[in-house]
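Please treat every number below as a calculation from the coordinates, not as lab data. Predicted model, so just to flag it, every value in this text is computed and none were measured. Positions of Cβ are generated from backbone atoms using ideal geometry, with glycine treated the same way; all protein chains shown enter the neighbour counts.
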Amino acid sequence: MSLGPARLRVWWLASGGLAVLAASLAGLVLGPADLGLGEVLAEMANRLPLVEVDSGLGERQQAIIWEIRLPRVVLGLLVGAMLATAGGAYQGVFRNPLADPYLLGVAAGAGFGVTLAIVSGAGDGVGILDPVPLSAFAGALAAVTLTYLVGATGSRLDPVTSLVLSGVAVASFFTALQTFIQQRESETIRQVYFFVLGQLRTAGWNDVALLAPYTGVCLTVILLVRHRLDALGVGDEEAGSLGLDVKRMRLTTVVAASLGTAAAVSVSGLIGFVGIIVPHTVRLLFGTSYRVILPLTVLFGGAFLVLADIVARLVVQPAELPIGVVTAFLGAPFFVLVLRMARRTR
Amino acid sequence: MTTALPITLATPAEPVAIISLSSTATEILYAIGAGDQVVAVDNMSNYPAEAPVTELSGFTPNLEAIAGYEPDLVVISYDPGDLVEGLQALEIPTVMQRAASSIDDTYSQIAELGTLTGHAVEAEALNASIKEELAALADDSVGTGMTYFHEIDNTLYSATSSTFVGQLYALLGLENIADPADKAGFGWPQLSAEFILEEDPDIIFLSDAAWGESAETVAARQGWGALTAVVEGHVVPVDQDTSARWGPRVVSFVKSVRTAIEGF
């Protein structure tokens, strides 16, 4: 084991890329409709310029590939990458292995925004879910802003603890509001629940277009600061003495991670555990430096979510399990594993 | 479907202060001529127009509010918890008429309400007329050979042919695509867009038209433009109420479906 600074080895990135490719292919081939690997590849090859291949698929089957499965795979890659990396970043910023992207109230804020949108009848109309992503986004951002305002006001607690506690308070508040409204408008419960459990089933190219810019920017920012996350890991004062502007660093990372999470949540609902399972698995396999982990969580996070989505699609087909259920099933035992490993390293 | 008549309480021969907390029961009561004996109906009973709608809820009933009307008969279709117990404790005669699982339940519920309200003759006549009209509508299985998808909401919940509405569609010879999706036999499976594309139903019935869904919104859904039903214009909005209730208006529901098919 070399003692030099952690290095991101090329073949690690390659294995990540391979995982993405394999998951994507599986996502295109598997599903209630029976489409073979050869036909799918031929269909994709057909779309390349200057290439003409007859895949033998009918119009509806082509629609299944291009308009249902492919946007779903792409969205899964984007959301998975974003949630996993945001989770890793949060774990670095808060120095807590159990931090996840919803820590500062993003989930509760988004849920509340969605409830308001659906209850006010904005769920009707041609663009079926259009006001919903916007209100989820707005709600998520409002919650994080509130958390920051409440938690970062010079209290005597150390800033990290203060933020976390304020996040808990804000999340409880928004959850209570959401429950109150839902009780009074109980016919909308199923629609809200549908969002809260997380789904990629209604993924469309619109959602991809909505999410891609946010994911691109936020992931880039987080990847750019990953070296400093390592410094932050030794403690606020120590990092400050190394020349790091701790407050600004924390703010930048939290903003990037929260913005990206809010955007992801607004199109795919609240998918849990991705932000914990993926960073920790990557840590186990490749090392604990954020310089190494974060680029890998981008790739493996995407692959993980696409695979979870395949499970969600196949287990009770043609109905689908909400993807949040699949990740929770995987996540609960995973938490136990993390706790046990943490105990052993003491 | 069970009736829960408290054994210790007998209903008056002709109750004059009936409360209905079931929109179907409301329709039945008015159809058999017992309308002027009804003093209050729940907030979902929107038919007929002359029914005295109140804020009483059939899903979150308030015992005191119900008792405040001093009813001598309460008809419900759902007991969320201890409603029947509470009404019994207040010595209010109660009848529970659960959602019908077949058309025979409809006939027996109509007959029961007829007996209880002193309109047995009208009830029998209503049953005979419904039977006759349904038989006439089902006469030539106009929908034979056609498959359909009955959409309950835009999260793609559907009803199989074993449900009440599914049996009504079956009268016209229509085949339901949701059947193979319901292995547990629950009756209301949730389908996926991919499944519907694969099954390619000839007709799509939208019972969520009142919630903003239409042929246009369906065609705009990702990938749905390739469906036969969308291409041929066989996306049919159906009335949310008549497709979900099991009262006398089942006839108008079946009629509306038949008219739509004949218009293709």
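Before moving on, here are some points about what is shown:
- Cα-derived Rg to Rh of the range B:147-262, Kirkwood definition: 0.93
- For the range B:167-230, the fraction of alpha-carbon pairs in successive 5 Å shells from zero, as %: 3, 15, 23, 26, 22, 10, 1
- Stokes-Einstein D for the range A:1-96, Kirkwood Rh over Cα pairs, 25 °C, 0.890 mPa s (µm²/s): 152
- Multiplying the residue separation of residue A:21 and residue A:288 by 0.36 nm and removing their Cα-Cα distance gives an extension gain of 93.6 nm.
- For the range B:197-240, projected area of the alpha-carbon convex hull averaged over all directions, nm²: 2.8
- Note on residue B:17 and residue A:316: with the Förster distance fixed at 60 Å, the Cβ-Cβ geometry gives a FRET efficiency of about 0.80.
- Put the Cα centre of the range A:269-346 next to the Cα centre of the range A:233-247 and the gap is 30 Å.
- Bins of 10 Å from zero: percent of alpha-carbon pairs in the range B:59-110: 23, 50, 24, 4
- The simple Förster model, with R0 at 25 Å and r as the Cβ-Cβ distance, assigns residue A:224 and residue A:152 a FRET efficiency of 0.65.
- The ranking of A:320, A:237 from fewest to most other beta carbons within 10 Å of each one's beta carbon is A:237, A:320.
- For the Cα trace of the protein assembly as shown, dividing Rg by the Kirkwood Rh returns an Rg/Rh value of 1.06.
- Listed by Cβ neighbour count within 10 Å, with the fewest neighbours leading, B:126, A:98, A:57 appear as A:98, A:57, B:126.
- For chain B: Kirkwood Rh in Å [reciprocal of mean 1/r, alpha carbons]: 19.6
- Span-like helix ranges in chain A, DSSP H, alpha carbon extent 18 angstrom or more, Kyte mean at least -1.0: A:10-29, A:70-94, A:106-119, A:131-151, A:159-184, A:205-224, A:246-268, A:290-314, A:323-344
- Positive end of the dipole of the range B:147-262 (Cβ unit charges, origin at the Cα centre): among B:242, B:220, B:184, the Cα lying farthest that way belongs to B:242.
- Per-bin percent of Cα-Cα distances, the range B:18-134 [5 Å]: 2, 12, 24, 24, 20, 11, 4, 2, 0
- For the range B:18-134, relative contact order (Cα pairs under 8 Å, six or more residues apart, normalised by length) works out to 24 percent.
- The dipole here belongs to the range A:10-344: it is taken about the Cα centre, uses +1 on the Cβ of Lys and Arg and -1 on the Cβ of Asp and Glu, and is about 1060 debye.
- Net charge dipole size for the protein assembly as shown [Lys, Arg +1 and Asp, Glu -1 on Cβ; Debye, nearest 20]: 4680
- Spacing of the two label points (7 Å from each Cα toward its C-beta) at residue B:142 and residue B:179, in nm: 2.2
- Gain on full extension, evaluated as 0.36 nm per residue between residue A:145 and residue A:339 minus their Cα-Cα distance, stands at 66.8 nm.
- Inter-chain Cβ neighbour average for residues A:60-69, partner chain, 10 Å: 6
- With the charge dipole of chain A set up from +1 on Lys and Arg Cβ and -1 on Asp and Glu Cβ about the Cα centre, the Cα lying farthest toward the positive end among the listed residues A:262, A:13, A:50 is that of A:13.
- For the range B:87-194: span of alpha carbons on each principal axis (Å, largest first): 53, 40, 22
- For the pair the range B:220-264 / the range A:90-108, the C-alpha centres are spaced 48 Å from each other.
- Contour minus Cα-Cα distance for residue B:50 and residue B:231 (0.36 nm per residue): 61.0 nm
- Cα long-axis angle, helix B:120-138 against chain B (0 to 90 degrees, to the nearest 10): 0
- Translational D in µm²/s for the range A:10-344 (Stokes-Einstein at 37 °C, 0.692 mPa s, Kirkwood Rh from C-alpha pairs): 159
- The protection proxy used here, the mean number of other Cβ atoms lying within 10 Å of each residue, ranks peptides A:169-176, A:184-191, B:99-106 as follows, highest first: A:169-176, B:99-106, A:184-191.
- Highest-first arrangement of A:144-151, B:244-251, A:325-332, where packing means the average Cβ count within 10 Å: B:244-251, A:144-151, A:325-332
- Note, ³J(HN,Hα) from phi for the range B:95-106, Karplus 6.51, -1.76, 1.60, rounded to Hz, x at Gly and Pro: 10, 9, 10, 5, 3, 5, 9, 7, 5, 4, 4, 4
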